[in-house]
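Below is one structure, written out as structure tokens; comments come after it.
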Amino acid sequence: MKRQLALLRNLIQYGSLVLELPDGEQYRIGGGAPHVRWVLHERSTLRRIAADPETMLGETYMRGEWHAGGGELVPLLGVLLRNASALTHTSRMRCLLAGLSQQWNRVRASYRNVAHHYDLEEWLFRCFLDRDMYYSCAYFAVPGMSLEAAQQAKARHIAGKLLLEPGQRVLDIGSGWGSLALYLAQQHGVEVTGLTLSRRQLEMAQQAAAARGLGDRVRFLLQDYREHRGQYDRIVSVGMFEHVGKPYYPTFFRRMAAGLRPGGVALLHTICRLGPPGTTNAWVRKHIFPGGYNPALSELTSGIERGTLKVMDMELLRRHYALTLGAWQSRFQKHRGEVTERLGERFFRMWEFYLAVSEAAMEYDDLAVAQVQLAAQLGDVPISRDYLYAPVAAAPLRRAS
């Protein structure tokens with residue numbers, strides 16, 4: 001225990017931590033805000049976490065070995081994340097090589113990895129998502145927006161960047177439960193093809209399209225982006241690029257370019273790292289998103305540069321995902337009894353930790369969401385963002401001569 005306490009004292013440079021042991025003994029470590037409390041139920045827990053923090057912090061939480069004092073799980077995880085660099089004992093090159101080996105998402109592996117998470121029962125996701133089932137970062141355009149309003153604002157924001165016109169053909173790579181595809185077809189009169197690797201999502205999306213009377217304008221396919229062929233005026237991908245894997249970035253953008261008609265516009269919405277490249281947390285990779293990886297901006301732009309598409313605009317949505325995850329967690333907690341009864345306490349604590357550590361990473365660490373607008377020619381999009389906020393006054397789009 002003395003060794004682990006010494007490690008914590010060296011670790012905590014940001015914020016202050018009160019560590020409470022099972023016998024009530026307390027240790028105050030660090031100084032300054034935020035002030036957090038970490039309550040251990042077993043003395044051996046700290047030793048296990050210190051030996052493998054990436055895995056065991058989440059594993060011990062799932063087993064109920066500790067909790068955050070005052071229920072402040074996100075601030076506690078935020079303090080630990082901000083100070084976590086002191087626990088890194090592995091060389092940077094070794095970490096990056098290990099990360100690449102975990103991202104070989106060949107087509108068959110991609111189907112399997114997606115099924116691990118997205119083929120869970122629909123009711124579980126309805127416990128915390130908005131009514132239209134958007135499972136990606138919302139856009140809180142003004143303070144105090146509800147989750148439903150913020151997700152609609154996100155859809156409008158993306159539609160604006162796509163510069164849609166009625167009758168256009170749109171490809172949605174990673175269409176989920178069909179939320180965005182249905183919105184674009186209903187609100188903008190376009191035809192949308194959505195690709196998903198989840199059989200459960202495919203069934204739900206097809207049912208939603210039929211229920212809204214959009215079956216003639218929206219179709220959903222169980223297909224990988226590398227398997228699909230077709231030509232489209234617009235291509236959009238929201239919350240899917242995190243499952244591509246760095247070795248496949250050039251392939252992804254080549255397929256995107258090949259699918260765009262002349263004058264076409266694409267929009268990529270993805271989590272990104274604002275710092276240097278890293279690796280996926282071992283616990284998240286094991287329990288939540290096998291094969292997943294959040295790219296550094298440098299990795300994202302490098303993948304684009306190896307193709308023919310050009311970046312027309314890039315916007316970083318800072319803190320928007322933290323707000324989204326906070327809203328999801330609040331809704332999820334209201335279903336604690338139901339989830340625990342159907343799937344067990346361990347499962348509930350796993351998803352509780354997943355939502356909390358994701359929120360902490362967005363709030364306190366270097367993760368954000370990037371929206372990258374792409375086109376083959378500079379003249380395919382306006383030269384300012386004014387069209388997004390005053391579409392009626394925006395000048396007609398003109399192709400460069």
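The values are calculated or read from the model by the stated rules, or taken from the named source; none is laboratory data. Computed from a predicted model, the values in this text were never measured in an experiment. Methodologically, a virtual Cβ is constructed for each residue, glycine included, from the backbone with ideal geometry; neighbour enumeration extends over all protein chains shown. Ligands, DNA and RNA are stripped out before the accessible areas are found, and what is left, the full protein with its side chains, is counted by its heavy atoms. Shrake-Rupley method; radii C 1.70, N 1.55, O 1.52, S 1.80 Å.
Values as computed for the structure displayed
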| item | result |
| --- | --- |
| Efficiency of FRET from Cβ geometry, Glu227 and Gln377, R₀ 30 Å, rounded to 0.05 | 0.60 |
| Computed lengthening from Ser146 to Arg346, 0.36 nm per intervening residue step minus Cα-Cα distance | 69.0 nm |
| Length-normalised contact order for segment 1-69 - Cα pairs under 8 Å, 6+ apart - percent | 29 percent |
| FRET efficiency for Asp216 and Tyr389, using Cβ-Cβ distance with R0 set to 51 Å, rounded to 0.05 | 0.95 |
| Area of His188 that stays accessible when all protein chains are in place (1.4 Å probe, Å², to 10) | 60 Å² |
| Segments 337-348, 248-259 sorted - mean Cβ within 10 Å per residue, highest first | 248-259, 337-348 |
| Amide H contacts of Ala296 (H built 1.01 Å from N, under 5 Å, at least 5 apart or other chain) | Arg273, Gly278 |
| Portion, in percent, of the accessible area of segment 262-401 that falls on carbon or sulfur, probe 1.4 Å | 53 percent |
| Per residue solvent-accessible surface (Å²) - segment 208-300, probe of 1.4 Å | 34 Å² |
| Inter-label distance, nm, simple model (7 Å from Cα along the C-beta direction), Arg126/Gln207 | 0.8 nm |
| Shape of segment 130-179, Cα gyration tensor, a/c cut at 1.5 | oblate |
| Accessible heavy-atom area order of Tyr387, Tyr27, highest first, probe of 1.4 Å | Tyr27, Tyr387 |
| Theoretical gain in end-to-end length, Asp52 to Asp366 [0.36 nm per residue, Cα-Cα removed] | 110.9 nm |
| Contour minus Cα-Cα distance for Val107 and Arg43 (0.36 nm per residue) | 18.6 nm |
| Amide proton proximity set for Val218, modelled H, under 5 Å, gap of 5+ | Val192 |
| Helix 147-162 axis, angle to the chain major axis (alpha carbon atoms, nearest 10°) | 40 degrees |
| Qualifying lysines (Cα of each under 24 Å from Cα of Lys310; at least 8 residues distant if same chain) | Lys154, Lys161, Lys246 |
| On Cα atoms only, tilt of 2-11 relative to the major axis of the chain in degrees | 40 degrees |
| Accessible surface ranking that places the most exposed of Ser298, Ser179 first, with a 1.4 angstrom probe | Ser298, Ser179 |
| Residue of Ala360, Ala150, Ala68 that the Gaussian network model of the chain assigns the largest fluctuation, springs spanning Cα pairs under 10 Å | Ala68 |
